[in-house]
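Read through the structure below, which is laid out as structure tokens, and then see the notes.
The values are calculated or read from the model by the stated rules, or taken from the named source; none is laboratory data. From a predicted model like this one, the values you see are computed outputs, not experimental measurements. We place every Cβ from the backbone using ideal geometry, glycine too, and count neighbours over all the protein chains shown.
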Amino acid sequence: MTKNIVFIQANARQMLGARISAFSYRRNAPVPGSFDVRILDTAKFPRLMREGQTILRAGHVRPWDPDDLQSFTPLRFAPPQVMGFEGLAVVTDPDIFGAGDVGELFERDLEGKAIWAVPRPGHNKQPDYIATSVMLLDCARLRHWDFDQDLDDLFAHRFDYVDWIELKREDRSTIGALEPEWNDFDNLTPRTKLLHTTKRRTQPWKTGLPVDYTLREGGPLAFLKQFGTRRYGQHPDRNQEALVYSLLAEMVDTGEMTKQELVEEMAANHIRHDSMDLIDKYRGWRLLDQVA
């Protein structure tokens, strides 16, 4: 029997977040080993790593940067092929952390639908926007997701990246709606199952570091907004900072991550330079203690 798998997409810039994410999913599972957790690394997919490629995005030809912070996003569509079109998969971004048990998703009645995700009406000015950063997938119903062919078609401009990432190429009747707590956008409450620190500028483990992603907003000063000229800000909710660093503290204490690895990640500017102090500060933190 095919085992259910949680897939986390990542690249070198987001690998630390992905490791914390994976730890949180395993840690919160009431039955250890009831599902697998795997990180999908862009470095293992040569088609995503080629220099000089372009994509069609929102009707415009854009360069594809393998080193961009979010170069992992096409991997949202890889799990069915990776699993041989059998079993169930949950796919998440690397900046999503388990506040509850992600394994509960595998127990849902799928109602014959292939994809379950959180609707986000109005986001990106789209009334029917669906957030694909968390998806529950019935792989047997997604045999048309030929990931290798889709990558070829993406880079040949045969379809628009936005249509792909927003599921506009799918039959909407095959998509079910997850509750908001399964992809809680910068919102952490006792109901939250999966916290998504989706506002990149305030990702709590990067506060103070130079911005390392492509800034897409326009305006008269847009040409000045290049890597290194702006910095990540403080997340407005310290509980979200605390959640991430309490998980990281557990990883260090259990040997899941070494202090030397953290030193190397800090040197690479993948994590803020006061992280050791924050690990000590938030060791043993629990959300319920904050709202009791």
Condition set surrounded by 13 or more Cβ atoms within 10 Å (Cβ to Cβ) and touching a residue at least 40 places away in the same chain (Cβ under 8 Å), scope region 21-33, selection nearest to GLU107 (Cα to Cα): answer is ALA29
Restricted to region 261-283, and to residues that are over 18 Å from LEU243 (Cα atoms) and not in a loop (DSSP other than H, G, I, E, B), which residue is nearest to the chain's Cα centre (by Cα)? GLU265
Verdict on LEU75 being assigned by TED's automatic domain parsing to the domain that holds LEU16, in contact with a Ser or Thr (Cβ under 8 Å, 6 or more places away or on another chain), hydrophobic (A, V, I, L, M, F, W, C) and in a helix (DSSP H, G or I): yes
I want to confirm something. Restricting to region 65-101 and keeping residues that are out of contact with any helix residue (DSSP H, G or I) (no Cβ under 6 Å at 6 or more places or on another chain) and among the small types (Gly, Ala, Ser), which single residue is nearest to LEU40 (Cα to Cα)? GLY84
Hey, among ALA43, ALA29, which residue is part of a helix (DSSP H, G or I) and of a type in the set (A, V, I, L, M, F, W, C)? ALA43
Within region 78-104, which residues are outside any loop (DSSP other than H, G, I, E, B) and over 16 Å from LEU142 (Cβ atoms)? THR92, ILE96, PHE97, GLY98, VAL102, GLY103, GLU104
Among strands (runs of 3 or more DSSP E) entirely within region 117-215, at least 1 residues that are touching a Ser or Thr at 6+ places or on another chain (Cβ under 7 Å) and closer than 26 Å to PHE45 by Cβ occur in 130-138, 194-196
